[in-house]
Amino acid sequence: MAPLADAVAAHNREVADAGRWRSVRVLDGGGVRAVLEDGPDGPTEVVHFASNDYLGLSQHPEVVAAAKVALDTYGAGAGASRLVVGHRPVHDELETALAARAGTEAALVFPTGYAANLGVIGALVAAGGRHDTLVVSDELNHASIIDGIRAARVGVAVTPHLDLDAVADALAGRTQRHAVVVTDAVFSMDGDVAAVHDLARLCAELDATLVLDEAHSVLGPALPRVDGCHLVVVGTLSKTLGSLGGYVAAGRTTVDLLVNTARSFIFTTGSSPADTAAALAAVRIESSAEGDVLRARLRGHVDAVRPGHPTPIVPVVLGDEAAALAAAAALLDQGLLVPAIRPPTVPAGTCRLRVALSAAHRTDDVARLVAALDGLDTTDLQEDALA
C-alpha cells in the first residue's frame, strides 16, 4: 500500500489533469484597483470584479481609523476564546448594533461566517435532539451550511432550489418533532434570492425554525417579520461590512444557547478587536444617509450590467470549464479581473464568470466591463481553449 504522501501527490495530479488545479493569486493593493502580481505578462494593473466588499467599506477612512484605534487600545489579538479570557467592550457594542440592525433581542459574533453557520446549526440540532430534528436545506446552500448539517449528523431533506412546495412537503411529512429550515437569502453563485417572507410564513404555520443566512443581502431581501416564526439570522462582517467575522442575531434564549453550546464559538479565539471595531464603524455608516447613497450607487451599477437583477452578484454562465477560463483570460487581457467559477464550487456544466459589483467601482469601470462582456465570443473562446 502506498504511503499517504504518495496518495496526496497522485490526487493532486488527478486534479491538475482534470483542468481544475487552483492556486492563490497575489493581489497587491486595497479596494477594486490593484496589481495582480502573476498577470499574463507579469505584474498587471487591474480593476477587479471579484470581491464581496459590496459597499467598499473595507477602504472607508472611518472603518480603517476605527481599526487603528482598537489596535492602539487593545493590541492585535483577543488572546483566547471569549469564554476564557472575556471580550473587549467593542464586542458588546458590535453585538448590540447587530441585534438592532436585525431587529432581534441579541446577537453573537463569531470569528467567521463559516463558524457562525457551523455553530448555530449544531446548537439547534443538539437542543432538539438529532434523532428528533429534521433540517430542510436548499440544494444550492453555501458550503458552510452543508458542513454544519454534516457535522450535526442530523436527518436532512435537501429540496430543489427555491422550491417552496418541496419545503412544505418536507415539513408536513416529517416524523421528527422539531424542524429547522435553513437557506441563503441571496445565493452566492447565481445572485438569485429566496422567498424569505413565504418561508417565514411556512415555518410559522408548520412549527419550524427558520435559519436565514443574509451574508450577501446588501440590496435585500429584507428580513421577514412574521408572527409565530422562530427566526435566526446568520450573517457575515466580511462582505457588506468590509471587515472579518460572522454573527448570529436571534432571540435572547437562542443566543444564550449558542454561548453555552456552539462549539465553533466556545473553542476558538475571539475576533480581533481591530476587526470588531472596523465592523462596528461599518454598521454605523451602512445605517446612515451615506449608506443609502452607497446602496443607490451599487444599484445603479447592477442595472448597468443586468437591468433589474436583484443582487450585485451577476453570473455569466458559459457551461464548459475551458470556455469560462478562456473568457476570464480574455477579460484579464483588458485589465479586468473577473474570476472563472468551476466545480466543485458550481455543478459541472454550469461554469461561469462571477461578476461581483461594488459601490467602489466607478461608472467608467462598469462601462468597461459591460463593453468587454458584450465583446466576448464564447464560441471562439471555446475553440481557443480546446486548441
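The values are calculated or read from the model by the stated rules, or taken from the named source; none is laboratory data. Everything quoted here is computed from the prediction, not taken from an experiment. FYI the Cβ positions are ideal-geometry reconstructions off the backbone, even for glycines, and counts take in every protein chain you see.
The number of residues in the stretch 22-39 being modelled with pLDDT of 95 or more and among the basic types (Lys, Arg) comes to 1. The residue pairs whose first member lies in the stretch 129-140 and is within 13 Å of ALA185 (Cα to Cα), whose second member is assigned to a strand (DSSP E or B) and not β-branched (Val, Ile, Thr), and whose beta carbons are closer than 9 Å, counting only pairs six or more residues apart or on different chains, are SER137/ALA157; ASP138/ASP184; LEU140/ASP184. Residues of the stretch 141-156 that are under 22 Å from VAL193 (Cβ atoms) and touching a Leu at 6+ places or on another chain (Cβ under 6 Å): GLY148 alone. Number of residues in the stretch 253-295 that are part of a helix (DSSP H, G or I), surrounded by fewer than 22 Cβ atoms within 10 Å (Cβ to Cβ) and over 21 Å from the mean Cα position of the chain (by Cα): the value is 11. Among the candidates GLY251, GLY242, GLY270, GLY220, the residue that is touching a strand residue (DSSP E or B) at 6+ places or on another chain (Cβ under 9 Å) and within 13 Å of THR112 (Cα to Cα) is uniquely GLY270. Restricting attention to the stretch 60-75, does a residue exist that is on the phi > 0 side of the Ramachandran plot and in contact (Cβ under 8 Å) with a residue 40 or more places away in the chain? Yes, the stretch 60-75 contains at least one residue that is on the phi > 0 side of the Ramachandran plot and in contact (Cβ under 8 Å) with a residue 40 or more places away in the chain. Looking for something assigned to a loop (DSSP other than H, G, I, E, B), buried (at least 22 other Cβ atoms within 10 Å of the Cβ) and either free of Cβ contacts under 8 Å to residues at least 12 places away in the same chain or among the β-branched types (Val, Ile, Thr) (or both) - is there at least one such residue anywhere in the stretch 161-179? No, the stretch 161-179 contains no residue that is assigned to a loop (DSSP other than H, G, I, E, B), buried (at least 22 other Cβ atoms within 10 Å of the Cβ) and either free of Cβ contacts under 8 Å to residues at least 12 places away in the same chain or among the β-branched types (Val, Ile, Thr) (or both).
Pairs linking a residue in the stretch 202-227 that is touching a residue at least 24 places away in the same chain (Cβ under 8 Å) and hydroxyl-bearing (Ser, Thr, Tyr) to a residue that is in a loop (DSSP other than H, G, I, E, B) and surrounded by 15 or more Cβ atoms within 10 Å (Cβ to Cβ), with Cβ atoms under 9 Å and 6 or more positions apart or on different chains, are THR209/CYS229; SER217/ALA185; SER217/LEU223; SER217/THR240; SER217/THR311.
One line per residue, one yes/no per condition, for (1) in the same structural domain as PHE265 (by TED's automatic domain parsing); (2) surrounded by fewer than 19 Cβ atoms within 10 Å (Cβ to Cβ):
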residue: ALA5; (1), (2): no, yes
residue: HIS48; (1), (2): no, no
residue: ALA78; (1), (2): yes, no
residue: VAL85; (1), (2): yes, yes
residue: ARG88; (1), (2): yes, no
residue: ALA106; (1), (2): yes, no
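Checked against (1) surrounded by 12 or more Cβ atoms within 10 Å (Cβ to Cβ); (2) in the same structural domain as SER358 (by TED's automatic domain parsing), VAL64 meets all criteria but (2).
Any idea which residue in the stretch 40-59 is modelled with the highest pLDDT, counting only those that are farther than 19 Å from ASP365 by Cα and part of a loop (DSSP other than H, G, I, E, B)? Among residues in the stretch 40-59 that are farther than 19 Å from ASP365 by Cα and part of a loop (DSSP other than H, G, I, E, B), the one modelled with the highest pLDDT is PRO43.
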